[in-house]
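Trainee: Starting off with a structure, shown below.
The values are calculated or read from the model by the stated rules, or taken from the named source; none is laboratory data. Everything numeric in this text was worked out from a predicted model, so none of it was measured. Heads up, the Cβs are rebuilt from the backbone with ideal geometry, glycines too, and the neighbour counts pull from every protein chain shown. For accessibility, only protein heavy atoms count, side chains too; no ligands or nucleic acids. Shrake-Rupley method; radii C 1.70, N 1.55, O 1.52, S 1.80 Å.
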Amino acid sequence: MVGLSAGGHIAYYAATEMPLAALVAFYPGWLTTGEIALGRPEPTIGLTPRVAGHGTPVLVLNGEGDHLYTGEDRAGIARESAESGTRHEVVLYPDTPHGFFRDERDTYRPEAAADAWSRTMALLRETSARG
């Protein structure tokens with residue numbers, strides 16, 4: 001499952017509820033807060049042990065300049081994944097804003113987008129090969 005922004009949050013939540021072959025969350029909005037209904041009563045990131053229990057590998061792709069995340073939030077995503085035993089990779093693109101993958105926006109960053117897509121396809125190929 002692949003999701004971007006709020007869709008990344010929804011995809012992450014889905015991985016807490018059911019086994020997925022893989023999860024790729026591009027700048028998953030509000031994952032570490034209770035600012036949206038899906039993040040209540042507990043922020044969705046707190047449900048990460050369920051993702052680990054399903055065995056879903058996770059790839060999270062964030063820009064360093066994302067207005068939805070602080071450095072502490074980004075560290076929390078990596079920490080929750082590591083502590084729960086979730087197979088994960090959290091990628092941080094320097095000087096990159098939220099929405100860096102959307103080529104019709106002024107936030108588009110071609111190098112970050114190309115790298116993110118390459119990582120996404122590699123994970124999807126790997127997990128589809130496992131059956």
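Trainee: Suppose each label sits 7 Å from its Cα in the direction of the beta carbon; what would the residue 75-residue 117 distance come out to in nanometres?
Mentor: 3.4
Trainee: Where a ≥ b ≥ c are the square roots of the eigenvalues of the C-alpha gyration tensor, would you call the stretch 4-51 rounded, which needs a/c under 1.5, or, failing that, prolate if a/b is larger than b/c, or oblate?
Mentor: It comes out oblate by the Cα gyration axes.
Trainee: Taking amide H positions as placed in the peptide plane 1.01 Å from N, state which residues far from residue 90 in sequence (5 or more) or on other chains have amide H under 5 Å from it.
Mentor: Hits under the 5 Å cutoff: 60.
Trainee: Could I ask something else about it? Rounded to the nearest 0.05, what FRET efficiency do residue 124 and residue 104 have when you use their Cβ-Cβ distance and R0 = 30 Å?
Mentor: Details: r = 23 Å, r/R0 = 0.78.
Given R0 = 30 Å and the Cβ-Cβ separation, E is 0.80.
Trainee: What is the percent carbon and sulfur in the accessible area of the chain, measuring with a 1.4 Å probe over the protein chains and ignoring ligands?
Mentor: 54
Trainee: May I ask which residue of 77, 27, 12 lies farthest towards the positive end of the charge dipole of the stretch 8-82, with charges of +1 (Lys, Arg) and -1 (Asp, Glu) on Cβ and the Cα centre as origin?
Mentor: 12
Trainee: Ok, one more. Using all alpha carbons of the chain, what is the percent of pairwise distances in each 10 Å bin, ordered from the shortest bin to the longest?
Mentor: Reading the bins upward from 0: 14, 48, 33, 6.
Trainee: OK, next. Might you tell me the accessible area per residue for the chain, computed with a 1.4 Å probe and given in Å²?
Mentor: The answer is 49 Å² per residue.
Trainee: List the residues, sorted by chain then number, that are 5 or more residues from residue 2 or on another chain and whose placed amide H is less than 5 Å from its amide H.
Mentor: 24
Trainee: Another question about this same structure. Per residue of the chain, what 222 nm ellipticity follows from adding -39500 (n - 2.57) for every DSSP H run with n ≥ 4, rounded to the nearest 500?
Mentor: Only helices count here, giving -13000 deg cm²/dmol.
Trainee: Sticking with this structure for a sec: Can you give me the long-range amide H partners of residue 20? Hydrogens built in the peptide plane at 1.01 Å from N, cutoff under 5 Å, separation of 5 or more residues or another chain.
Mentor: Those qualifying (amide H under 5 Å, at least 5 residues apart or on another chain) are 56.
Trainee: What three numbers, in Å, describe the spread of the alpha carbons of the stretch 70-131 along their principal axes, ordered from the longest?
Mentor: Its Cα atoms span 36, 33, 14 Å along the three principal axes.
Trainee: Shifting gears a bit: Mind checking which of 53, 71, 99 has the largest fluctuation in a GNM of the chain, springs on alpha carbons under 10 Å?
Mentor: 71
Trainee: Here's something else I'd like to know. Out of the DSSP beta bridges found with both residues in the chain, what percent are antiparallel (nearest 5)?
Mentor: The answer is about 0 percent antiparallel.
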